1. Filter the stretch 1-27 down to residues that are outside any helix (DSSP H, G or I) and either under 25 Å from L42 (Cα atoms) or in contact with a helix residue (DSSP H, G or I) (Cβ under 7 Å, 6 or more places away or on another chain) (or both), then give me how many there are.
2. Of all the residues that make up the stretch 81-97, how many are modelled with pLDDT under 80 and either loosely packed, with under 10 Cβ neighbours inside 10 Å or in contact with a His (Cβ under 6 Å, 6 or more places away or on another chain) (or both)?
3. Filter the stretch 5-32 down to the residues that are surrounded by fewer than 10 Cβ atoms within 10 Å (Cβ to Cβ) and among the polar types (S, T, N, Q) and list them by number.
4. Mind counting the residues in the stretch 29-49 that are part of a helix (DSSP H, G or I) and either over 30 Å from M66 (Cβ atoms) or touching a Leu at 6+ places or on another chain (Cβ under 7 Å) (or both)?
5. I need every pair where a residue in the stretch 28-41 that is closer than 14 Å to V11 by Cα and not assigned by TED's automatic domain parsing to the domain that holds A18 has its Cβ under 7 Å from the Cβ of a residue that is of a type in the set (S, T, N, Q) and surrounded by fewer than 10 Cβ atoms within 10 Å (Cβ to Cβ), sequence separation at least 6 or different chains.
6. Would you be able to tell me the number of residues in the stretch 1-32 that are over 28 Å from the mean Cα position of the chain (by Cα) and aromatic (F, W, Y)?
Amino acid sequence: MVFVVISGLPVTAILAWALIPSFGWRPLFLIASIGALIVWYLRKALPESPRCLEANGRTADAEALMETIEREVAATGPLPPPAAPLPTSTFSLYNLSSRDICRAWWSAVLC
């Protein structure tokens, strides 16, 4: 998939080099619109993400999609164990010193 995305610019440049002197710029828009229609058609076959389904209140659909994904992954080999939860820290603006604020500001300015 990455190859298809990356190869779009060189292919467009070669098509422009070949078509514009003979036919003008309009055929390039026609070619791009055909590509857009193909992408629109292929996009309909993609399932919605479980996160989007959950956010829209479709919890049963999200669970069914996750079970399908887990079944496909489990068919390739054993599943890894679940990751351990990360430790949470309590963050408060009142615990920041002026040095921390300046350091964060300067790192944002210099980066």
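1. To start, the set of residues in the stretch 1-27 that are outside any helix (DSSP H, G or I) comprises 1, 7, 24-25.
From the residues that got through so far, the ones that are either under 25 Å from L42 (Cα atoms) or in contact with a helix residue (DSSP H, G or I) (Cβ under 7 Å, 6 or more places away or on another chain) (or both) too are 1, 7.
The qualifying residues number 2.
2. Going through the stretch 81-97, the residues modelled with pLDDT under 80 turn out to be 88-97.
Of the ones still in play, those that are also either loosely packed, with under 10 Cβ neighbours inside 10 Å or in contact with a His (Cβ under 6 Å, 6 or more places away or on another chain) (or both) are 88-95, 97.
Counting residues in the stretch 81-97 that are modelled with pLDDT under 80 and either loosely packed, with under 10 Cβ neighbours inside 10 Å or in contact with a His (Cβ under 6 Å, 6 or more places away or on another chain) (or both) gives 9.
3. Once the filter is applied, which keeps residues that are surrounded by fewer than 10 Cβ atoms within 10 Å (Cβ to Cβ) and among the polar types (S, T, N, Q), the stretch 5-32 yields only S22.
4. Kept after step one, since they are part of a helix (DSSP H, G or I), are these residues of the stretch 29-49: 29-43.
From what's left, either over 30 Å from M66 (Cβ atoms) or touching a Leu at 6+ places or on another chain (Cβ under 7 Å) (or both): 29-37.
Selection size over the stretch 29-49: 9.
5. Correct list of pairs: empty, since none qualify.
6. Residues of the stretch 1-32 over 28 Å from the mean Cα position of the chain (by Cα): 16-27.
Filter once more, keeping what is aromatic (F, W, Y): 17, 23, 25.
Here the count works out to 3.
The values are calculated or read from the model by the stated rules, or taken from the named source; none is laboratory data. None of these values were measured; they are calculated from a predicted model. Quick reminder, even Gly has a Cβ in these numbers, built from the backbone with ideal geometry, and neighbours come from all protein chains shown.
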